[in-house]
1. Scanning for something farther than 18 Å from residue 341 by Cα, surrounded by fewer than 18 Cβ atoms within 10 Å (Cβ to Cβ) and not aromatic (Phe, Trp, Tyr), does segment 57-71 turn up at least one residue?
2. Tally time: how many residues in segment 229-240 are open to solvent by 10 Å² or more (accessible area, probe 1.4 Å), part of a helix (DSSP H, G or I) and touching a Ser or Thr at 6+ places or on another chain (Cβ under 9 Å)?
3. In the set 221, 295, which member is open to solvent by less than 20 Å² (accessible area, probe 1.4 Å), part of a helix (DSSP H, G or I) and of a type in the set (Val, Ile, Thr)?
4. Take the conditions open to solvent by 10 Å² or more (accessible area, probe 1.4 Å), hydrophobic (A, V, I, L, M, F, W, C) and either closer than 18 Å to residue 7 by Cα or not in a strand (DSSP E or B) (or both) and apply them to residue 334. Does it pass?
5. With the requirement that a residue be open to solvent by 80 Å² or more (accessible area, probe 1.4 Å) and in a strand (DSSP E or B), what does segment 128-139 give you?
6. What residue, of 187, 182, 167, 191, is in contact with a Cys (Cβ under 9 Å, 6 or more places away or on another chain), buried (at least 20 other Cβ atoms within 10 Å of the Cβ) and in contact (Cβ under 8 Å) with a residue 60 or more places away in the chain?
7. Got a number for residues in segment 105-133 being over 27 Å from residue 75 (Cα atoms) and either free of Cβ contacts under 8 Å to residues at least 40 places away in the same chain or out of contact with any helix residue (DSSP H, G or I) (no Cβ under 9 Å at 6 or more places or on another chain) (or both)?
8. Being in contact with a Lys or Arg (Cβ under 9 Å, 6 or more places away or on another chain), free of Cβ contacts under 8 Å to residues at least 60 places away in the same chain and not in a strand (DSSP E or B) is the filter here, so list the residues in segment 87-104 that pass it.
Amino acid sequence: MIKTLIIGGGAAGLYAASLLPEAIVLERNEDVGRKLLLTGGGRCNYTHSSSVPDLLPHYHGSLPFIRKVLYCHPPVSIINHFRQLGIEPAEEYGKIFPRKGDAESILKALMINSNRIIRGKAERIKKHDGVFRVLTEKEEIEAEHILLTTGGMAYPHTGSDGNGYALASALGHSITPPRPALAALDLTPSLKSAEGITLDIELTRKKKTVTGSAVITSRGISGPAPENFSYLLNGSEEITISFMQPPDMKRLRIEEGRTLVKNAFPLPPRLVSALLPETAEKRLANLSKEEERLIAQRLSSALFTARPIAGSAMTTAGGVKTDEINPGTMESRLVPGLYFAGDIIDIDADCGGYSLTWAFATAFIAASAER
């Protein structure tokens, strides 16, 4: 019988395995770490240099739970563990990358126990007489402890298709309905004619605001600001986007009356034309008061219907509810011997190494409890 079976060979599962030499990793794909190889554009921003108090605003969910986890295994501990695995860090604006500059080096470092990986999909988990029995399509595996690190529902082709939620739910756990996070946004009305433009924007939903860089795409917007904003949306919702501070239309009319609207603002003319198709080719002096009002409104607080693009999501909001997990051990409060780590838990984070920090911190805690 296996002492610890780790279900899911992603970032959290492999990190736990690097700390548990006798653990077995059950991975449904032929290759482990598929999603890990995609992080940071293939460079793998694996943690952040910030202190825990500075990290906390970048996480969404139960603050007491998040705080306890991050203090148990902060970024400095993650950096030190990877050093022991042969990875030297390189810092760029607070983000920590492997000095070699690729995600492959991180994956190879974590696969020090690669001979203890078996292939198969966990289809059902039962517990009887203190023993877990995991049924795959090929066999039944017995284990004393189970660590669920199956991820959420981001990038289904990497294996994160929500199967872990079904396994946890069947064992009695409550699941906060998952939704895409760190996702690009589909926008209506379309800004397709401004595709490729990069700029800083401010996005607002109700009283929540996120600022940062964005790229106009054929479907909407991508980049750090929309990705960090996407967790706030539950399907299609109305938001406002500010592309600039409200312009002084009276001053512009007096001082630059002969200028075309599309050339009158500190924004790319293509974007102004996309936002103001009715007036972009007019001269400022020829605008009506109502047109001036609409121009100011669309540039500083344009209304859009936004929806996270599920296929672009890098992580998932929602998952196993934190009040059913002990943050000091990552053990289930409902099923002794069952542990959780990573994106399967109802916590999500901004882009910038925060999600991997969470995966590694929760994996460390779970592994420490099982040793």
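The values are calculated or read from the model by the stated rules, or taken from the named source; none is laboratory data. Because the structure is a prediction, the values reported are computed rather than measured. Glycine gets a Cβ as well: all are built from the backbone with ideal geometry, and neighbour counts include every protein chain shown. Areas reflect the complete protein model, heavy atoms only, side chains present, ligands, DNA and RNA absent. Shrake-Rupley method; radii C 1.70, N 1.55, O 1.52, S 1.80 Å.
1. Looking for residues that are farther than 18 Å from residue 341 by Cα, surrounded by fewer than 18 Cβ atoms within 10 Å (Cβ to Cβ) and not aromatic (Phe, Trp, Tyr), one finds at least one in segment 57-71, hence yes.
2. 1
3. 295
4. yes
5. Matches in segment 128-139: 128 only.
6. 182
7. Residues meeting the conditions: 13.
8. Within segment 87-104, 87, 88, 101 meet the criteria.
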